[in-house]
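The values are calculated or read from the model by the stated rules, or taken from the named source; none is laboratory data. Values in this document were obtained by computation on a predicted structure and should not be read as measured data. When we count neighbours, we look across all protein chains shown, and the Cβ atoms used for this are built from the backbone with ideal geometry, even at glycine. Surface accessibility is based on the protein's heavy atoms, side chains included, excluding ligands, DNA and RNA. Shrake-Rupley method; radii C 1.70, N 1.55, O 1.52, S 1.80 Å.
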Amino acid sequence: MTHRRIMITAGSTRRDSAHALLARHVAGRLDELDRSHVLVDLAEYDMPLYHGDLEAEVGVPESAHRLAELIAESGALLIATPEYNGAVTPLLKNTVDWVTRVDIGVLRDTYIGLMAASPGRLGGTRGLAMVRTWFDAMRLVVHDSDLSLPQVGEHIEDIDGSPRFDATTTDVIDRFLSGFLTQFDEYCCGRPAG
(Lines give C-alpha, C1' and ligand atoms only; values in the text may rest on other atoms or scores of the structure.)
Protein backbone atom coordinates (compact mmCIF):
# COMPACT_ATOMS: atom_id res chain seq x y z
CA MET A 1 0.00 0.00 0.00
CA THR A 2 1.31 3.42 -0.94
CA HIS A 3 1.67 5.94 1.86
CA ARG A 4 -0.31 9.15 1.30
CA ARG A 5 2.21 11.51 2.91
CA ILE A 6 4.16 13.80 0.60
CA MET A 7 7.75 14.69 1.37
CA ILE A 8 9.02 18.05 0.08
CA THR A 9 12.67 19.05 -0.07
CA ALA A 10 15.04 21.40 -1.85
CA GLY A 11 18.24 20.37 -3.60
CA SER A 12 19.93 23.44 -2.15
CA THR A 13 20.62 24.41 1.45
CA ARG A 14 21.65 27.99 0.72
CA ARG A 15 19.88 30.35 3.14
CA ASP A 16 18.37 32.58 0.44
CA SER A 17 17.68 29.78 -2.03
CA ALA A 18 14.62 30.27 -4.23
CA HIS A 19 14.29 26.48 -4.11
CA ALA A 20 14.00 26.45 -0.34
CA LEU A 21 11.35 29.19 -0.72
CA LEU A 22 9.57 27.06 -3.32
CA ALA A 23 9.64 23.99 -1.05
CA ARG A 24 8.22 26.03 1.86
CA HIS A 25 5.57 27.56 -0.41
CA VAL A 26 4.45 24.11 -1.63
CA ALA A 27 4.33 22.83 1.97
CA GLY A 28 2.12 25.80 2.85
CA ARG A 29 -0.22 25.05 -0.04
CA LEU A 30 -0.44 21.40 1.07
CA ASP A 31 -1.32 22.66 4.56
CA GLU A 32 -4.17 24.67 3.07
CA LEU A 33 -5.35 21.57 1.17
CA ASP A 34 -5.14 19.47 4.35
CA ARG A 35 -2.74 17.03 2.68
CA SER A 36 -0.34 14.98 4.80
CA HIS A 37 3.22 16.14 4.19
CA VAL A 38 6.64 16.68 5.71
CA LEU A 39 9.05 19.47 4.75
CA VAL A 40 12.65 18.26 4.93
CA ASP A 41 15.67 20.57 5.08
CA LEU A 42 18.65 18.57 3.80
CA ALA A 43 20.94 20.78 5.91
CA GLU A 44 19.66 18.72 8.86
CA TYR A 45 20.90 15.51 7.18
CA ASP A 46 24.58 16.20 6.73
CA MET A 47 26.44 13.44 4.89
CA PRO A 48 30.02 13.22 3.66
CA LEU A 49 30.70 12.90 -0.05
CA TYR A 50 29.84 9.32 -0.97
CA HIS A 51 32.89 7.08 -1.28
CA GLY A 52 32.80 3.29 -1.24
CA ASP A 53 35.93 3.03 0.90
CA LEU A 54 34.42 5.42 3.47
CA GLU A 55 31.26 3.33 3.55
CA ALA A 56 33.34 0.17 4.06
CA GLU A 57 35.30 1.79 6.90
CA VAL A 58 32.56 3.60 8.86
CA GLY A 59 29.28 2.50 7.32
CA VAL A 60 26.32 4.52 6.11
CA PRO A 61 25.80 7.77 8.03
CA GLU A 62 23.01 7.79 10.61
CA SER A 63 21.55 10.82 8.81
CA ALA A 64 21.10 8.72 5.65
CA HIS A 65 19.21 6.10 7.67
CA ARG A 66 16.91 8.78 9.14
CA LEU A 67 16.25 10.31 5.72
CA ALA A 68 15.65 6.93 4.08
CA GLU A 69 13.08 6.19 6.79
CA LEU A 70 11.25 9.47 6.03
CA ILE A 71 11.24 8.63 2.32
CA ALA A 72 9.96 5.10 2.98
CA GLU A 73 7.10 6.54 5.05
CA SER A 74 6.10 8.89 2.21
CA GLY A 75 4.25 7.98 -0.96
CA ALA A 76 5.42 11.02 -2.90
CA LEU A 77 8.46 13.22 -3.08
CA LEU A 78 8.50 16.77 -4.43
CA ILE A 79 12.02 18.04 -5.12
CA ALA A 80 12.77 21.71 -5.78
CA THR A 81 16.23 21.60 -7.27
CA PRO A 82 18.49 24.14 -8.91
CA GLU A 83 20.81 23.27 -11.74
CA TYR A 84 24.53 23.71 -11.26
CA ASN A 85 26.29 24.26 -14.58
CA GLY A 86 23.35 22.66 -16.38
CA ALA A 87 23.41 19.54 -14.22
CA VAL A 88 22.24 17.93 -10.97
CA THR A 89 23.32 19.60 -7.71
CA PRO A 90 26.03 17.74 -5.80
CA LEU A 91 23.80 17.84 -2.70
CA LEU A 92 20.93 16.03 -4.42
CA LYS A 93 23.21 13.47 -6.08
CA ASN A 94 25.07 12.73 -2.86
CA THR A 95 21.84 12.46 -0.87
CA VAL A 96 20.35 9.92 -3.29
CA ASP A 97 23.64 8.00 -3.40
CA TRP A 98 23.63 7.62 0.40
CA VAL A 99 19.93 6.82 0.95
CA THR A 100 20.07 4.13 -1.72
CA ARG A 101 22.95 2.56 0.21
CA VAL A 102 20.51 2.16 3.10
CA ASP A 103 17.97 0.53 0.76
CA ILE A 104 18.51 0.36 -3.01
CA GLY A 105 14.74 0.41 -3.50
CA VAL A 106 13.88 3.22 -1.07
CA LEU A 107 12.62 5.44 -3.92
CA ARG A 108 11.17 2.67 -6.08
CA ASP A 109 7.47 3.10 -5.20
CA THR A 110 7.65 6.83 -4.54
CA TYR A 111 5.77 9.17 -6.90
CA ILE A 112 8.25 11.97 -7.67
CA GLY A 113 7.63 15.53 -8.83
CA LEU A 114 10.40 17.85 -10.03
CA MET A 115 10.45 21.62 -9.61
CA ALA A 116 12.95 24.37 -10.37
CA ALA A 117 13.17 28.14 -9.97
CA SER A 118 15.91 30.00 -11.77
CA PRO A 119 17.05 33.59 -12.26
CA GLY A 120 17.59 32.72 -15.93
CA ARG A 121 15.15 32.54 -18.80
CA LEU A 122 15.24 28.74 -19.03
CA GLY A 123 13.87 28.22 -15.53
CA GLY A 124 16.20 25.39 -14.61
CA THR A 125 14.95 23.15 -17.42
CA ARG A 126 18.40 21.72 -18.20
CA GLY A 127 18.86 20.60 -14.60
CA LEU A 128 15.32 19.19 -14.50
CA ALA A 129 16.04 17.21 -17.67
CA MET A 130 19.22 15.80 -16.10
CA VAL A 131 17.36 14.75 -12.93
CA ARG A 132 14.56 13.19 -15.00
CA THR A 133 17.07 11.24 -17.12
CA TRP A 134 18.86 10.08 -13.96
CA PHE A 135 15.62 9.00 -12.25
CA ASP A 136 14.37 7.30 -15.44
CA ALA A 137 17.62 5.28 -15.47
CA MET A 138 16.85 4.27 -11.87
CA ARG A 139 13.37 3.20 -13.05
CA LEU A 140 11.62 5.61 -10.71
CA VAL A 141 8.08 6.92 -11.20
CA VAL A 142 8.32 10.62 -12.13
CA HIS A 143 5.33 12.93 -12.68
CA ASP A 144 4.85 13.59 -16.39
CA SER A 145 5.42 17.34 -16.18
CA ASP A 146 7.90 19.49 -14.29
CA LEU A 147 7.45 22.89 -12.66
CA SER A 148 9.84 25.45 -14.12
CA LEU A 149 9.87 29.03 -12.84
CA PRO A 150 12.10 31.24 -15.05
CA GLN A 151 13.42 34.66 -14.00
CA VAL A 152 12.19 33.88 -10.50
CA GLY A 153 13.79 36.98 -8.97
CA GLU A 154 11.21 39.09 -10.78
CA HIS A 155 8.38 37.12 -9.16
CA ILE A 156 9.37 37.22 -5.50
CA GLU A 157 7.88 39.98 -3.37
CA ASP A 158 8.86 41.11 0.10
CA ILE A 159 5.79 41.01 2.32
CA ASP A 160 6.38 42.14 5.90
CA GLY A 161 10.05 41.19 5.64
CA SER A 162 9.37 37.72 4.22
CA PRO A 163 9.87 36.69 0.60
CA ARG A 164 6.73 35.44 -1.17
CA PHE A 165 5.88 34.48 -4.73
CA ASP A 166 3.65 36.91 -6.61
CA ALA A 167 0.08 35.99 -7.61
CA THR A 168 1.00 34.94 -11.16
CA THR A 169 3.70 32.55 -9.95
CA THR A 170 1.48 31.21 -7.19
CA ASP A 171 -1.11 30.36 -9.85
CA VAL A 172 1.51 28.50 -11.92
CA ILE A 173 2.61 26.56 -8.82
CA ASP A 174 -1.01 25.76 -7.93
CA ARG A 175 -1.73 24.39 -11.42
CA PHE A 176 1.36 22.15 -11.25
CA LEU A 177 0.47 21.00 -7.74
CA SER A 178 -3.13 20.23 -8.75
CA GLY A 179 -1.97 17.99 -11.61
CA PHE A 180 0.64 16.34 -9.40
CA LEU A 181 -1.89 15.60 -6.64
CA THR A 182 -4.44 14.20 -9.09
CA GLN A 183 -1.91 11.81 -10.57
CA PHE A 184 -0.49 10.92 -7.15
CA ASP A 185 -3.98 10.03 -5.92
CA GLU A 186 -4.48 7.83 -9.00
CA TYR A 187 -1.08 6.24 -8.37
CA CYS A 188 -2.09 5.48 -4.78
CA CYS A 189 -5.30 3.82 -6.03
CA GLY A 190 -3.35 1.54 -8.36
CA ARG A 191 -4.30 3.30 -11.58
CA PRO A 192 -1.43 4.29 -13.84
CA ALA A 193 -0.27 7.86 -13.29
CA GLY A 194 -0.21 9.99 -16.41
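Results, tabulated for the structure shown:
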| item | result |
| --- | --- |
| Inter-label distance for residue 174 and residue 87, nm, one decimal - labels placed 7 Å from Cα along Cα-to-Cβ | 3.9 |
| DSSP-defined beta bridges in the chain - what % are antiparallel, rounded to 5 | 20 |
| Angle in degrees between helix 18-32 and the longest Cα principal axis of the chain, rounded to the nearest 10 | 80 |
| Contact order normalised by residue count of region 65-132, Cα under 8 Å, 6+ apart, percent | 45 |
| Accessible surface of residue 44 - all protein chains present, 1.4 Å probe, nearest 10 Å² | 120 |
| Solvent-accessible surface (1.4 angstrom probe) belonging to residue 160, in square angstrom, nearest 10 | 150 |
| Rounded tilt (10° steps) of 125-137 against the dominant C-alpha axis of the chain | 40 |
| Rounded to the nearest 10 Å², the accessible area of residue 118 at probe 1.4 Å | 20 |
| Label-point separation in nm, residue 151 to residue 108, each point 7 Å along Cα→Cβ | 4.5 |
| Cβ-derived FRET efficiency at R0 22 Å, residue 16 paired with residue 160, nearest 0.05 | 0.80 |
| Rounded to 10°, Cα long-axis angle of helix 62-72 versus longest principal axis of the chain | 60 |
| List 130, 47, ordered by accessible area with a 1.4 Å probe, largest first | 130, 47 |
| Residue among 49, 190, 178 farthest towards the positive dipole end of the chain, charges placed on Cβ | 190 |
| Mean accessible surface per residue for the chain, computed with a 1.4 Å probe while every protein chain stays in place, in Å² | 52 |
| Region 27-106: C-alpha gyration tensor shape, a/c 1.5 cut-off, then a/b vs b/c | oblate |
